[in-house]
Each structure stands twice: as C-alpha cells, then as structure tokens.
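Structure first, commentary second.
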Ligand SMILES: [Zn+2]
C-alpha cells in the first residue's frame, strides 16, 4: 500500500467520523474496473463482482499492484474432487502471465486454446479451511520456499489456495513478484459451458444450436471464418476437414496467424474455436477428400449441415454426392477472380437444385473462381505448363472481400439449423428463400459492366446480395434420377 493510498484510507475514516457516522457501518470499496475508491454502506451490494472492500485487504498490499488470475472452474473442481479421494493436496500448474504481471491464466492441464505470455510456475494447494491471514501467508511462503526451484523464483509465481467456505469452493491467489514480494490477486473463474454462452440467449437459444454438428470442408480464409462465427453463435460440434498446412502466404487472409505457421489448418482453427468455447467437440481430419471419399463420408454422415469451402470443383461435386446420399443440407461458397465477388449455393437435397443442376460448364466459364494457391492453380493447368507460368495465375483477393461471403454463409447456415424452430432469426426464413446468391465486391472481371452503385437501388450494384430463383433440373445427371425419392413432408427441409 503506497503512502498516498494509505493517506486516502486514513482520510476516509476521518471524514466518516467527522460526519457523525461510525466507520463500522461503511466500507471503502475499491472498484478495479474504474480504479476508484468508493464509500458505501456495509449492507450495500458491491458495484461489480470484481470490487473488493479495501480496508479488509489493505494490509496485504492490495494497492501495490492488482493482478487478475483466471482459472477454469472445472479444472479447480476436478482437483478438489480428487483431493477428497486421494488426499493429494498439492497440484502443479502452469500459468501464463501478461502485461507485466497484471493478468495470469492458470491451467492444470494443457490449455486447449491458443496461449501467449510468459510461462510461470504455479502451485495449487487444497486446504481443509483457509484459517486467518497469518496462517494463509505462512502456507504461501512455505510453498514458495520449498516447492520452487531457485531459477523459478526469479520470475513470477502463482500460488492458489483453495478451500470450501460457506459451502462453496473458494480460491485465494497470491502472486510472488520477481523481487520476492507477495501480492494477493483477484480470482476470476472461466465458467463451464452452460454459462459461457448464456449471453446470446434470446436471439438464438444456445441450447438450440449446441447439439448440432456442422462439417466444414476447406479451412482457408473463407472456411475458417465461417467456423469461428458458427462457434460464436453457439454451434457445439464440428468436423473440420482439410489437408493443407498454414503457410506464410496464407497468413494475410487467414484467421490464424504466424504463431500457427506449419500447422495443419484443421488443428490451428480447432484451437481458435476452443478459444471461443473450450467445451466444443471438434473432430479434425487432415485428408484430401477427393482421394479419401469413404473416410469423408464416415466423418460427415452424422452432420446436420455441411459447409463446402474447398477451392476445386472435384471436391465440390464429391460433397454434393455426399449431401444427396445422406440428405444433408450443404452450403457451397466460393470467391471469384481476385475476390471481385462470390457466390453461394445452398443445396437442400431433393428440395431444390443440387450443385450439378447449377454448376454447368457454361456457368463455370461465366463465373471464374479465384485461384489463391499454387496447388490449386497447378491442378487447373495441364502438366506441360511450367510451374512459373502456373504461379502467375495465382491471384489473391483481399480478406475483407472474402468476409462478406463467409458472413452470408453463416446466416444461411443458422437459418438452416434453426429452420422451423421458434428462434429470433425466424423471419430470415422468409427472406432467404433463394438457393443461389451472388455478391459483387467491385466492378471488376465478371462485374465489369455493372452500373455504378451511386444512389440507385433499382439497378444491380456492388455490395448487395442477389438471390436467384434456380429451379432444380429434373433431368440433372446427379439428382434428377432420384426425384421419385423426394419426400416433402419430412419437416427438416421445410
Ligand atoms: Zn441436380
């Protein structure tokens, strides 16, 4: 506690006495979110969960430096449960420190989410009860002196004490500073999944989406951003398929950064998803679906929805067959040359067009897709075309031109998953009736002849979605011959 702060506490007591009030009736409360000391009645509720009564903790040097220490609620309760059986009362943990020791994250098992910061040794001690402050500090000092190696002591260390008080598992946390001094920090719990996503309840009930399983094939800039948004919306189960690794050239557009270079896109995106919600179920497969079709079918057949975000037509047609075979609604999205725009096809098997009904030779020639990777370009060119010429055909657009397409895919996906249910986005079902959508980012390539956007709303222009009526082709080579199996009354497909 600094001199100025000590003076502030002193002033508070003098003022309350001068005002004829007894200090016993009031608390001096420190609100770390505003950094302010406020006076309030002893029975008043604290202004927010992080606020602390200052005169209770002042002597422990609270004002020296406040640190927030985050822990996963389920990890701490697991340790406590096993202590009850095994009586093992000390558990090693790892903490990551950020911002010059202001924030720490403590883990007792390998973090699922991406982590950064400096790694710091941490010990969790279970106590039958906390005891008084002196006893607590003795326990902490003993752990520091007996459990930590000399080199560990030269950095921060996090000591967590845990005991049942008032029928609740409580934690107190102490941060040993590199200079050997000890501060008490503020414990923050990361709740279990039911609470984590409670905020989006209302518009989209989290419980509505958390049982759904979505397969995402292709985890480039488009597929990865769709995955993140669906996790944020509350989808609880994912299957991620892609055989590519993250390369330097991808980083500018991809959701993952340089910390993931060299890793499979599936696994690095999975970790990003865990960062949003560590309780997700995520399966990954690092396979080329074109050469592993049977395995792909096994992975996708239980999915409620498939997002086809691959960059080649062979994989799209394979996914179309899987969609039809298992009657899984599937959304195909792609970007056009240099991401001048894009298109999205929603396939609701046998209730609308399939990919083969739409992606005819003429269609594909009129709407050239973006070639963003050498591998993709190499596949598009005959073997006699030399690599350097192939390389020249790789033309990458901006990430900000991919995102509108991803965003629309997410909206269509959420409509599909909550179709027929009483959700906050129900009205979208009446708007998004088209199965095929196009988008233009700028008047370029395919959209070169479009009128300028200006003020008009009656002419086609950039930065708007257009839904096209696209009938199912009853003589389609892929879905046409199975028209006898159309079953319009099974509900899910509306
Ligand atoms: Zn078809």
> Inside the range 103-139, can you point out the residues that are farther than 18 Å from residue 171 by Cα and in contact with a strand residue (DSSP E or B) (Cβ under 8 Å, 6 or more places away or on another chain)?
Replying inline: 111, 115, 116, 117, 118, 119, 120
>> I'd like to check something: does the range 265-287 contain any residue that is over 21 Å from the mean Cα position of the chain (by Cα) and either within 16 Å of the ligand (Cβ to nearest atom) or surrounded by fewer than 23 Cβ atoms within 10 Å (Cβ to Cβ) (or both)?
In response: yes
> Among the candidates 459, 446, which residue alone is at pLDDT below 90, more than 16 Å from the ligand (Cβ to nearest atom) and either in contact with a strand residue (DSSP E or B) (Cβ under 6 Å, 6 or more places away or on another chain) or not in a loop (DSSP other than H, G, I, E, B) (or both)?
Replying inline: 446
>> Which condition from (1) more than 16 Å from the ligand (Cβ to nearest atom); (2) within 28 Å of residue 445 (Cα to Cα) is the one that residue 313 breaks?
In response: (1)
> residue 322: more than 16 Å from the ligand (Cβ to nearest atom), under 19 Å from residue 473 (Cα atoms) and either in contact with a strand residue (DSSP E or B) (Cβ under 9 Å, 6 or more places away or on another chain) or in contact (Cβ under 8 Å) with a residue 60 or more places away in the chain (or both), yes or no?
Replying inline: no
> Has the range 192-208 got at least one residue that is at pLDDT 90 or above, over 23 Å from residue 312 (Cβ atoms) and not in a loop (DSSP other than H, G, I, E, B)?
Replying inline: no
> Looking only at strands (runs of 3 or more DSSP E) that fall completely inside the range 1-103, which ones have 2 or more residues that are at pLDDT 90 or above?
Replying inline: 68-72, 90-98
> Are any residues in the range 462-475 touching a strand residue (DSSP E or B) at 6+ places or on another chain (Cβ under 9 Å), within 16 Å of the ligand (Cβ to nearest atom) and part of a loop (DSSP other than H, G, I, E, B), and if so, which ones?
Replying inline: 469, 470
>> So in the range 344-378, with the set limited to residues that are away from the ligand (no atom under 16 Å from the Cβ) and more than 20 Å from residue 222 (Cα to Cα), which one is surrounded by the most Cβ atoms within 10 Å (Cβ to Cβ)?
In response: 378
> Could you say whether any residue in the range 369-376 is closer than 21 Å to residue 460 by Cα and touching a strand residue (DSSP E or B) at 6+ places or on another chain (Cβ under 6 Å)?
Replying inline: yes
>> Please go through the range 246-296 and give me each residue that is assigned to a helix (DSSP H, G or I) and more than 27 Å from residue 234 (Cβ to Cβ), ordered by number.
In response: 248, 249, 250, 251, 258, 293, 294, 295
> Are any residues in the range 209-230 part of a helix (DSSP H, G or I), modelled with pLDDT of 95 or more and surrounded by fewer than 24 Cβ atoms within 10 Å (Cβ to Cβ), and if so, which ones?
Replying inline: 228, 229
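For every residue, the table says whether it meets (1) touching a residue at least 40 places away in the same chain (Cβ under 8 Å); (2) over 25 Å from residue 220 (Cα atoms).
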{"site": "400", "(1), (2)": "no, no"}
{"site": "403", "(1), (2)": "yes, no"}
{"site": "416", "(1), (2)": "yes, no"}
{"site": "430", "(1), (2)": "no, yes"}
{"site": "436", "(1), (2)": "yes, no"}
{"site": "460", "(1), (2)": "no, yes"}
{"site": "463", "(1), (2)": "yes, no"}
{"site": "471", "(1), (2)": "yes, yes"}
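The values are calculated or read from the model by the stated rules, or taken from the named source; none is laboratory data. Source: prediction; values computed, not measured. Cβ atoms come from the backbone with ideal geometry, glycine included; neighbour counts cover every protein chain shown.
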